[in-house]
Amino acid sequence: MGEELRLPIAADVDVVEARQQGRALAAVAGFSSGEQTVIAAAISEIARNILMYAKKGEIILGLVQNGDRQGVSVVAIDQGPGIPDIDRAMQYGYSTSHGVGAGLPGAKRLMDEFEVDSVVGRGTTITMKKWRRSI
Amino acid sequence: MEVPILRQGQYLIASIQSALTDADLSHLREALIAQVGRSRCRGVIVDVTALDVMDSFAVRTLRDIAHMARLRGAETVIVGIQPDVAFAMVQLGLTLKGVATVLDLEEGLAFLDSRTKATLDTKPKRGRG
């Protein structure tokens, strides 16, 4: 699937833009409005994480297909400090930034697939996907 | 995008008109808490009907508004959480524990009327007993 949307994240308005674009793409993929909101919320959490920890980065939105299943993929890329302890960062309620600690674990709960690839001093890439429930 | 804050009697009504950035939300918190004191109001209604998403930051800010307003002597009620937004909040594991939420503005006003009346009634009345 060729369609891909690259969105720079460098300010809080970009977080709003990313989640709105994500919702629009989820609508194109045929997700229900409830699921569109879930996807938008997940994007909001990981886009904010970019701002908080790396200051800037990028969100790449795309449509994906697996057999006859359709879905959306969201990739968040930054060249920030990286996550020293991924297991801890994935614990609900754990935060190093005075947040509520719902960012990464929250986004993981909302999506079907969630992968974190992070190298300290190099940056972080988060890849997440949500599949449409087959009818 | 600034959120307009209207005064109606003893209450402040903040009516969110569109999606808000984190900075907009923080600004709303500061503006409401300042106005609670300035206008000596007893209640705050935050209407979130137009919010597309409530993520962890939005929920935390609303909770902070409610707790800070209570410390300043005003009750807060959140009105208008949309079904899809509630669905995503629950999946995210976000709660508004300790914060009153009702369906719409009308119910919000009724809720505040009952709450502020209750507090007034428990206060000792002047010139009696």
For this session: Name the most mobile residue of A:Arg23, A:Arg48, A:Arg69, meaning the one with the largest mean-square fluctuation, in a Gaussian network model of chain A with Cα contacts below 10 Å.
Result: A:Arg69
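Which pairs, out of A:Lys130/B:Lys97; A:Lys55/B:Lys97; A:Lys129/B:Lys97; A:Lys56/A:Lys108, put more than 26 Å between their alpha-carbon atoms?
Numbers: A:Lys130/B:Lys97 29 Å; A:Lys55/B:Lys97 31 Å; A:Lys129/B:Lys97 30 Å; A:Lys56/A:Lys108 21 Å.
With Cα atoms farther than 26 Å apart: A:Lys130/B:Lys97; A:Lys55/B:Lys97; A:Lys129/B:Lys97.
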Exercise. Among A:Ala41, B:Tyr11, B:Val79, which residue has its Cα positioned farthest towards the positive end of the charge dipole of the protein assembly as shown, with +1 placed on the Cβ of Lys and Arg, -1 on the Cβ of Asp and Glu, and the dipole taken about the Cα centre?
Worked result: B:Tyr11
Problem set entry | Choice from B:Arg38, B:Arg60, B:Arg115 showing the highest fluctuation, given a GNM over chain B with Cα pairs closer than 10 Å | B:Arg38
Problem set entry | Magnitude of the charge dipole, chain B, Cβ model with Lys/Arg +1 and Asp/Glu -1, debye to 20 | 1180
Problem set entry | Per-selection Kirkwood Rh - the range B:5-122 (Cα, Å, 1 d.p.) | 14.2
Problem set entry | For residues of B:44-56, the mean tally of beta carbons on other chains within 10 Å | 4
Exercise. For helix B:22-38, what angle does its Cα long axis make with the longest principal axis of chain B, in degrees from 0 to 90 and rounded to 10?
Worked result: 10
Seminar exercise, completed: Reduced to Cα centres, the span from the range B:55-101 to the range A:101-121 in Å works out to 24
Exercise. Where nothing but the Cβ of Lys and Arg (+1) and of Asp and Glu (-1) is charged, how large is the charge dipole of the range A:4-131 around its Cα centre, in debye to the nearest 20?
Worked result: 140
Problem set entry | the range B:82-115 residues near the modelled B:Gln8 label - backbone nitrogen below 19 Å, point 7 Å along Cα→Cβ | B:82, B:100-115
For this session: Take the alpha-carbon centre of the range A:39-98, take the same for the range A:5-32, and report the distance between them in whole Å.
Result: 13
Seminar exercise, completed: The alpha-carbon pair-distance distribution computed for the protein assembly as shown, with 5 angstrom bins and whole-percent values, is 1, 6, 13, 16, 16, 14, 11, 9, 6, 4, 2, 1, 1, 1, 0, 0
Seminar exercise, completed: Expected max-MSF residue from A:Gly121, A:Gly57, A:Gly82 in the GNM of chain A (alpha carbon, under 10 Å) is A:Gly121
For this session: Would you check the accessible area of A:Met90, probe 1.4 Å, heavy atoms only, in square angstrom rounded to 10?
Result: 40
Exercise. Dipole size in debye (nearest 20) for the protein assembly as shown around its Cα centre, Lys and Arg Cβ +1, Asp and Glu Cβ -1?
Worked result: 1420
Problem set entry | Average beta carbon contacts from partner chains per residue of B:79-92, 10 Å cutoff | 5
For this session: With no solvent and one equal point scatterer per Cα, compute the Debye intensity ratio I(q)/I(0) for chain A at 0.12, 0.18, 0.20, 0.22 Å⁻¹ and report its log10, rounded to two decimals.
Result: -0.42, -0.94, -1.14, -1.35
Exercise. Antiparallel as a % of all DSSP beta bridges within the range B:5-122, to the nearest 5?
Worked result: 25
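The values are calculated or read from the model by the stated rules, or taken from the named source; none is laboratory data. The model shown is predicted, which means the values in this text are computed figures rather than measured ones. Neighbour counts run over all protein chains shown; Cβ positions are idealised from the backbone, glycine included. Ligands, DNA and RNA are stripped out before the accessible areas are found, and what is left, the full protein with its side chains, is counted by its heavy atoms. Shrake-Rupley method; radii C 1.70, N 1.55, O 1.52, S 1.80 Å.
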